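The values are calculated or read from the model by the stated rules, or taken from the named source; none is laboratory data. In this text the structure is predicted, and so the values were computed from the model without any measurement. Don't worry about glycine lacking a Cβ; one is built from the backbone with ideal geometry, like all the others, and counts go over all protein chains shown. Ligands, DNA and RNA are excluded from the accessible area calculation, which covers all protein heavy atoms including side chains. Shrake-Rupley method; radii C 1.70, N 1.55, O 1.52, S 1.80 Å.
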Amino acid sequence: DHEELRGKIVAPVSVFSGDSRQVGSPADLMHATHVAIVAAGSGNNGLGTCGVAPDCRIMPVQVSQGHGAPFIIILAGIDYAVRNGARVINLSMAKPFKIPGIIGALFGDVHKQYSDPNFRDSAQRYLLRARKLDEVAISRVLDAAEAAGALVVAASGNDNLPGDFGDLCYNPLTIGVGNVGS
């Protein structure tokens, strides 16, 4: 509904609603709206902003409600975008690194483990093993994107984890982006 994006939205979908209705509070959806405006905000409409590619359209594919997303849902979102003709796929999100199940109950959040020097080595081993396990699924989805002529741009991550832990930005079929500083 943002005025900078009116007339620019094509084939929207949410994995949570199964249709074009985005699910979540305005705060949950704010990041995606901000990124879409930076990418393709209208410009020349008296509102004071202009995206870097104002003539482009946006295909919102909601795979998260602001709390991270299961990795398989992120891959399904990429697949949806490719099948619906996206040419650039922006993943302004990081893979969640919460350890599931009993092990997670014992060891908790990998971000916290990595930030503690006493647990950094074990957290790093876990993250690298997890990346290896997801490699086959990632490669299949990204191979299909490349074959369709779509470019995938992936955030290198958040929370001061090294960017090469981000499975998507580590893959040679993506462009990994990030920032430094506060």
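Looking only at residues of the range 39-54 that are closer than 17 Å to residue 87 by Cβ and among the hydrophobic types (A, V, I, L, M, F, W, C), we find that the one that is surrounded by the fewest Cβ atoms within 10 Å (Cβ to Cβ) is 52. Within the range 1-26, if we keep just the residues that are in a loop (DSSP other than H, G, I, E, B) and polar (S, T, N, Q), the residue that is modelled with the lowest pLDDT turns out to be 25. Looking only at residues in the range 156-182 that are closer than 11 Å to residue 90 by Cα and open to solvent by 30 Å² or more (accessible area, probe 1.4 Å), which one is modelled with the highest pLDDT? In this case the residue turns out to be 175.
On the given criteria, is residue 70 within 30 Å of residue 130 (Cβ to Cβ) and buried (at least 18 other Cβ atoms within 10 Å of the Cβ)? No: the conditions fail for residue 70. Exactly one residue out of 133, 127 is open to solvent by less than 40 Å² (accessible area, probe 1.4 Å), in a helix (DSSP H, G or I), at pLDDT below 85 and within 19 Å of residue 72 (Cα to Cα): that is 127. Considering the range 27-82 alone, what residues qualify as being part of a strand (DSSP E or B) and over 26 Å from residue 136 (Cβ atoms)? Within the range 27-82, just 58 meets the criteria.
Of the residues making up the range 1-31, those that are free of Cβ contacts under 8 Å to residues at least 12 places away in the same chain and among the hydrophobic types (A, V, I, L, M, F, W, C) number 1. Tell me, yes or no, whether the range 89-96 has at least one residue that is at pLDDT 70 or above, of a type in the set (Gly, Ala, Ser) and within 13 Å of residue 152 (Cα to Cα). Yes, some residue in the range 89-96 is at pLDDT 70 or above, of a type in the set (Gly, Ala, Ser) and within 13 Å of residue 152 (Cα to Cα).
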